[in-house]
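Read through the structure below, which is laid out as structure tokens, and then see the notes.
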Amino acid sequence: PVHVLAVSLNTVRLLRIVGSEVETLDLPGAPTDLRDFTKYEDPQQDQQFRGEGGLTISFGGSEVDAKDTRMRYLRAIAKAVHVRLRDSQAPLVFAGVEEKFALYREVAADPRLVPQSIAGNPDRLSAQALRTLALEALRPLQEAEQRRIAAEYERLAGLGRTAAGLPEVLEAARAGRVERLLLAWDVERWGRRAEQETDQHRGADRE
């Protein structure tokens, strides 16, 4: 799975992506928007912040630092996300304006947070659009991981610690010696595994 946290001044959404399915998760304890959050602030303070389009908004009272207000807002969201996803190691993609992403990384310090965000106001994006952009944001990490695994395979192959082909792999699996299994997505092999040998049927590779 992959999680997407979409944050703007007006909405906060947490999505879970599994394959082609997108589910909106509840986020107990998170502010629903910045106005909801700031209504609990000191009413004597001037709660100002700069909107997505550069517009400065004020809720009255004495002057208060806009960045500090945004950071408290994002910290409250980060706390709710931590509680909601405490048992998950899935990557988390942030969707929001770049300034907000930088502040969220600072206050959340979440190791699951993907370095590349979905930049811009997420209010304009549907759940499926966020899914598409989240998978794009993950692609550099996936490609880097594939390169790392390939390099590690080559290193271990030089030490005679790899197996290739069904008979060798099945024998290693039977002996409990498989740490990582690499599969070709476009190839299918089926057959029958007997006690001492593998009866392998060859079929056409699948594109």
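Structure values in brief
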read-out	value
Nearest-0.05 FRET efficiency for residue 132 and residue 159, computed from C-beta distance (R0 41 Å)	0.50
FRET efficiency for residue 39 and residue 75, using Cβ-Cβ distance with R0 set to 22 Å, rounded to 0.05	0.85
Nearest-0.05 FRET efficiency for residue 147 and residue 124, computed from C-beta distance (R0 41 Å)	0.75
Accessible surface, 1.4 Å probe, highest first, among residues 178, 107, 7	178, 107, 7
5 angstrom amide H check on residue 113, placed H, neighbours 5+ away	92
Segment 79-187: trypsin sites (Lys or Arg not before Pro) falling in loop per DSSP and having at most 13 other Cβ within 10 Å	86, 161, 177, 180
Rounded accessible area of residue 153 (nearest 10 Å², 1.4 Å probe)	80 Å²
Whole-Hz ³J(HN,Hα) from phi, Karplus 6.51 cos²θ - 1.76 cosθ + 1.60, for segment 106-115, glycine and proline x	5, 7, 8, 6, 8, x, 7, 5, 6, x
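The values are calculated or read from the model by the stated rules, or taken from the named source; none is laboratory data. Computed from a predicted structure; not experimentally measured. Cβ coordinates were reconstructed from backbone atoms using ideal geometry, including for glycine residues, and neighbour counts include every protein chain displayed. Heads up: the accessible areas ignore ligands, DNA and RNA and are worked out on the full protein's heavy atoms, side chains in. Shrake-Rupley method; radii C 1.70, N 1.55, O 1.52, S 1.80 Å.
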